[in-house]
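The values are calculated or read from the model by the stated rules, or taken from the named source; none is laboratory data. Model, not experiment: these values are computed from the prediction. Glycine also receives a Cβ, built like all others from the backbone with ideal geometry; neighbour counts cover every protein chain displayed.
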Amino acid sequence: MNFDLAVPAQLMEALTPDIVLMAGAMGLMLAAAWRTDSDRHQRAVGLASLGVLLVTLGLVIWFGARDLTAGTGPVAVDRFRWSADVIFLVAALATVALAIEYNAREGIQTAESHVLVLFATSGMMTLAAARDLMIVFLGIEIMSIAVYVMAGLNRRSAKAAEGALKYFLLGAFSTGFLLYGIALVYGATGSTNLPVIGQRIVEYALAHQGMLLVGAALLLVGFAFKVAVVPFHMWAPDVYEGAPTPVTAFMAAAVKAAAFAAFLRVWLECFGSLEFAWFGPIWWVAAVTMVVANVVALAQRSVKRLLAYSSIVHSGYLLVAIAAGSRLGASALLFYLLAYTLAVFGAFAVVSAVGRAGERSLEISDYEGLWNVRPGLAVGMAVCLLALLGFPVFGGVGFFAKLYLLQAALAAPSNLAPLAVLLVVTSVVSAGYYLHVVRVMFMKPRREDAVEPEPVGGMTRAVLTASVVLILVLGLLPGRLATWARNSPPTLGTTTSAPPIARGLP
Amino acid sequence: MEAFLASIHYNSWILPVLLLLPIAGATVVLAHGWLTQGNSGALPPSSSARVRQIALLLFTAEAVLSLGLWWSVDPSATNWQAFVDFPWIPMWGARITLGVDGIAMLLILLTTLLMPLAVLGGWTSIRENLHSYYALLLVLTTGMIGVFMSLDLLLFFAMWELMLVPMYLIIGVWGGQRRLYASLKFFLYTMLGSMVMLVAIVYLAMQTPDGLGRPVFSYDYILANATLSPTAALWLFGAFFLAFAVKVPMWPLHTWLPDAHVEAPTAGSVILAAIMLKMGTFGFVRFALPLFPSAATNETVRVVVLTLAVIGIVYGALVAMVQPDFKKLVAYSSVSHLGFVMLGIFALNLQSVQGALMVNLSHGVSTGALFLLVGMMYERRHSRLIEDYGGIARVMPAFAVALSIVAMSSIGVPGTNGFVGEFLVLIGSFRTRPLFAVIAATAVIFAAAYLLWALQRIIYNPLDKPENRQLRDLNWREIGLLVPLVFAIFWMGIYPKPILDKTRTAATRLVERVEAMKVNQPVAQGR
C-alpha cells in the first residue's frame, strides 16, 4: 500500500515499529526505576528489553514483507529502511544479551543500561527512516545521547569515564558541524526535505553555489565523525576501549550502521549532482582511512583497541559504497553492514567472555593458548576475525560482503577501480593483525601463570554461536541474503509532484 | 573398465563426491575426537591410534574413488568431462560448476594419490592434536581438488583461498622452530596475490553481464563472451599473474617458499611442494593464458615472464647448491623446477606445454618423495643439516637406495620421470626461444651438482659421527609408502606415453587458442 504521509494517521502507521519500540523503552524506563538496583532487577529489565526488541523486530519484518511505499514526506517507507532496522535490532538484541551477563559479572546494577540500548536503537531506526535533514538530526541526537551515557556506564572505571567524556565532547562538536551544515544547505535550497533538496539543486543549477558546497562539506565532516573515519576517528579507540564490552560492540556495529544508513540516504538523494565536488574528498578519506587505520591496528596490544581500529578500517571500506553513489552501492552497504555486525558481535562476545571481572584480560597476550583451554571460544573468535578479514569459506559471509562491495565499486560510473585495489591490498595488511590473534590463540602455548578463563555464560555463548553459525551458513549459501540486499535500495527522487517552490530563492 | 564406470554413471557424481568426501570426513574425525575426549580434555592413546586409521581410510577411499577418472575421462574430448552444474548464488551469477579435462584429471589424481602417502609419512611424527590435524588435512584436500575442478571463477577463488587457512594452521601449529614466522609469511604472500586476483575476477564477471545485467562468473561464458581492450587485458593478466606467480613461485616472489617448506611438518611440505605449487602453474594454463591471450602473447610480457622463469631456474639451482640444510635444498630445487614449468608454458608450443605439464607431475612425485625422505631422516636424527650425516648408507641401506633413486629422478636422469618433462620443455622452448632454452639447460647440470654432492655427503663419505651409527633403517610402513613413488618415477620415465596422451588435446587447444589471438592481432611488430 502507499502511505500519504501528509495524513497524520497514515504517518503514524508508517512509523508503527518506531513508536512501539519507543513506547516500550519508556515503559521499561519506569519499570527500571520502580525497584532498587539489584542484579535480579537488572536481569529482569534486560529480559523485558529483549522482549520489546523481538516484538519490534517482528513488526519490522512484517512491514518489510508487505509492499509498502509512501509519497514524499519526512520519513521514507522503503525496504532500505526495514533492512537497516533489522540490522540495528539484531545488534541491539545481541548487545542486551551480552550486557545482562556482563553487568552481572562487573557488578553494574543499573537496570536502565538496557533501556538505553532501546532508546539508542529507536534513534537509529529514526535515522534509517529519515528523509528530512531535521529528522536525521533528531535521530542522531536520540541515538548519541543514549550512547554517551552507555559509554560511561561503568562508574568505577576511570578509563570508561575518560572515554565517555571524550565521546560526549567530540560527539557534541560533530553534531555542531552537522547542524551548521543542515542550516547552510537549507539556506541554499530552501528545504530540509532530501528529495526536494536534490531536485532543487538540479532545477536551479545550484551545484556550484558556495553556501551549498560548504553546507555539504560540513555534513560530510559531521557524518565522518559519526562513522569514525580518518582523520575524524581520534575518539574511537579510547571510547571503545573504555566502554563496557557489550556497549563497544554496539557502538562498533549498530551506531556505525545507523550513521552510514543516514549518510547514504542523504548523499544519494540530495547530493547526487554534486558528485564532482565530493567524489575526490570521499575517495581520499576512504583511502587514507584504509591505510592509516590498518597500519596503526598492527601496533595494538589490546584486543578492544585492535577491534576499534578494525572498525575504523571497515568505515573506510564502507565509504567505497558511498563513493559508488549508486543503488548497487546501497545494497552492498546493507549486505556489508549485516555481515560486519555478525562478525563484530561474535568477536566481542569472545572478548567479553575472556575478559574476566574488571576487564583484566584484554591484552592479546591473554589469549595465548586459548585453544587449549577454551577451544570453542578460540574457534569462534577465529571465524569472526576471518569474517572481518573478508576471507572466503572460513570467514563465511564476510567474504561475500567484500565481494559485493567490489562489485559496487567496479560498476560505479566513476573510476573506483584503484580504490577497489587499495581496499583489497590493505585488507592483506589487516590479515597481519587478525591472524596475529589467531596465531596467539592457536600456536602459542598457554602461559604458566595464566588464569583459567571463567566459565562462559549461556547468553554470551548463544550470541557467539548464533553469530558464528550465521556467518558460516550465509558464507556458503548467501543467495537469499544477496537477493534481499539487492531488493532493498532506498527510494530516490520524488514519487509525487514536487511541492511548490518557496519564493525568494537566490 | 570404461563400461563398468559408465554403468554406474561414474562421471555424473564423481566430482561432487570427491569434493565433499574430505569435508564430511573432517566432520567425522572431529566428531570422533569430541566423543572420545574424556572429562579431563585429554585423549586416551587408543583414540590417537584410531584417528590415524580413520584418516588413512578416508584418504584411501578418496584415492580409490578418484582412480576411475583415469578411464572415465576422455582426454581427446573438447568438452568438459564429468561435468556437473548447480545453481549457487543466482543474484551474482555464481554457480557450482565442476568439470575436468586431461590436465586437471592428472592433477586431481596426483593429489588424491599423494595424500594417503603424506598421511603415512607423518604417521608417527605428529603427536599432538591429532584430530584437528587430520581434519585440517581433509579440508585442505577439498580445497586442492576443488581448485582443479572448478569452472566458475568465484568457486575457483573460494577453493583457492580455502587451502590457505588449513595450511597456515598446519605450518603454524605442527611446524618447526620458526613456524610462526613462516606460516604468517606464507599466508600474507599468498593472500596478497589472490586478493588482487579477486578484483580482477569481479571485474571480468561484470564485463560480461547476463541478460538481466547481473555479473556472470562462469568460466566458459567469460571465455566465449569477454571482449576486453588490450589495456584492460594487460591489467587483468597482471592481477592473475601476481596470484599465480606467488604460488608457483616465480623469482622474485619465491621467498615465502623456503621458509614455509622448511618449517612445515612432513605432510605439509609434501603437500606444499607436490600439489600446492602446481596450482600456480595450473592457474596459468587454465585461466591466465586462455582468458587473456592478447596479454599473454604480448612480446614484452612474454620476454619478462620467460626471463623471470629462467632466472628462477638458475637462481634456484645455485642457491640450492650452497644450502647446509637438506630440506631447504629441496625447497630451492622446487624453485628451479617450477621455473622449467613456466618456461614451457610461456614458450607456448605443443611440446613445451606438454613438457611443462609433465614436469609439473614429475616434480610432484619426486619432490614429494624427497620431502618424505627428509622427514624420515629428521625423525631419526632430529637434524636437517647435511653435515650432521655422512655414510649412513652403511646403517640405512634401504633408505640410501630410495634417496638415490629419487635424487636421480629429481636431477632428470634419462629413464626417470624428471628427464621426460625437462627434455620436452627444452626442445620445445629451443624452437621458439633458443636463448632462454640454452640458459635453462645449464641448470640441469647444476641440479646434478647440488643433488649428487648432497647425496655424497649424506649417504656416502665415512660414517664418522657416533650418533649416526645407531640409526634404524626404514621400517615396513616407510618402505611401503616409497614403493608406489619409485614405481611412478620409473613408469613415467620409461613409458610416459599414456600420460602425454592425456594432456595432448588440452595442450593443443591452449596453444591454438592463444596463438590464434596472436594471428588475429593486427599489430605484429617486434617479431
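Condition check ((1) facing another protein chain (nearest Cβ under 8 Å); (2) part of a helix (DSSP H, G or I)) across all residues:
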{"site": "B:128", "(1), (2)": "no, no"}
{"site": "B:131", "(1), (2)": "no, yes"}
{"site": "B:135", "(1), (2)": "no, yes"}
{"site": "B:155", "(1), (2)": "no, yes"}
{"site": "B:158", "(1), (2)": "yes, yes"}
{"site": "B:168", "(1), (2)": "yes, yes"}
{"site": "B:186", "(1), (2)": "no, yes"}
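Hey, among B:231, B:281, which residue is over 26 Å from residue B:111 (Cα atoms) and among the hydroxyl-bearing types (Ser, Thr, Tyr)?
Matching residue, one of B:231, B:281: B:231.
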Problem - Considering residues of the stretch B:188-213 that are more than 9 Å from every other protein chain (Cβ to nearest Cβ) and more than 19 Å from residue B:241 (Cβ to Cβ) only, the residue surrounded by the most Cβ atoms within 10 Å (Cβ to Cβ) - result: B:208
Problem - residue B:182 vs. criteria modelled with pLDDT of 90 or more and more than 8 Å from chain A (Cβ to nearest Cβ) - result: no
Completion exercise
Expected single match for part of a helix (DSSP H, G or I), over 30 Å from residue A:279 (Cβ atoms) and within 14 Å of chain B (Cβ to nearest Cβ) among A:351, A:379, A:393, A:320 is A:379
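What helices (runs of 4 or more DSSP H), lying completely within the stretch A:197-255, carry at least 1 residues that are over 20 Å from residue A:145 (Cβ atoms) and acidic (Asp, Glu)?
Correct list: A:235-242.
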Completion exercise
Of A:473, A:438, A:463, A:468, the only residue that is in contact with a helix residue (DSSP H, G or I) (Cβ under 9 Å, 6 or more places away or on another chain) and within 12 Å of another protein chain (Cβ to nearest Cβ) is A:438
Problem - So residue A:363, is it under 30 Å from residue A:107 (Cα atoms), more than 11 Å from chain B (Cβ to nearest Cβ) and in contact with a Pro (Cβ under 9 Å, 6 or more places away or on another chain) - result: no
Practice task
Output yes when any residue across the stretch B:191-213 is in a loop (DSSP other than H, G, I, E, B) and among the aliphatic types (A, V, I, L, M), and no when none is.
Solution key: yes
Exercise for the section: Could you tell me whether residue A:406 is assigned to a helix (DSSP H, G or I) and either modelled with pLDDT under 90 or within 7 Å of chain B (Cβ to nearest Cβ) (or both)? Expected result: yes
Handout entry: Out of A:91, A:25, A:70, sole residue that is within 17 Å of residue A:131 (Cα to Cα), of a type outside the set (D, E, K, R) and in contact (Cβ under 8 Å) with a residue 24 or more places away in the chain
Key = A:70
Practice task
State all residues of the stretch B:137-149 that are more than 12 Å from chain A (Cβ to nearest Cβ) and not aliphatic (A, V, I, L, M); if no residue qualifies, say none.
Solution key: B:141, B:148
Exercise for the section: State the number of residues belonging to the stretch B:79-119 that are within 14 Å of another protein chain (Cβ to nearest Cβ) and assigned to a strand (DSSP E or B). Expected result: 7
Exercise for the section: Return the total of residues in the stretch A:411-422 being within 24 Å of the chain's Cα centre (by Cα) and either facing another protein chain (nearest Cβ under 8 Å) or of a type in the set (S, T, N, Q) (or both). Expected result: 1
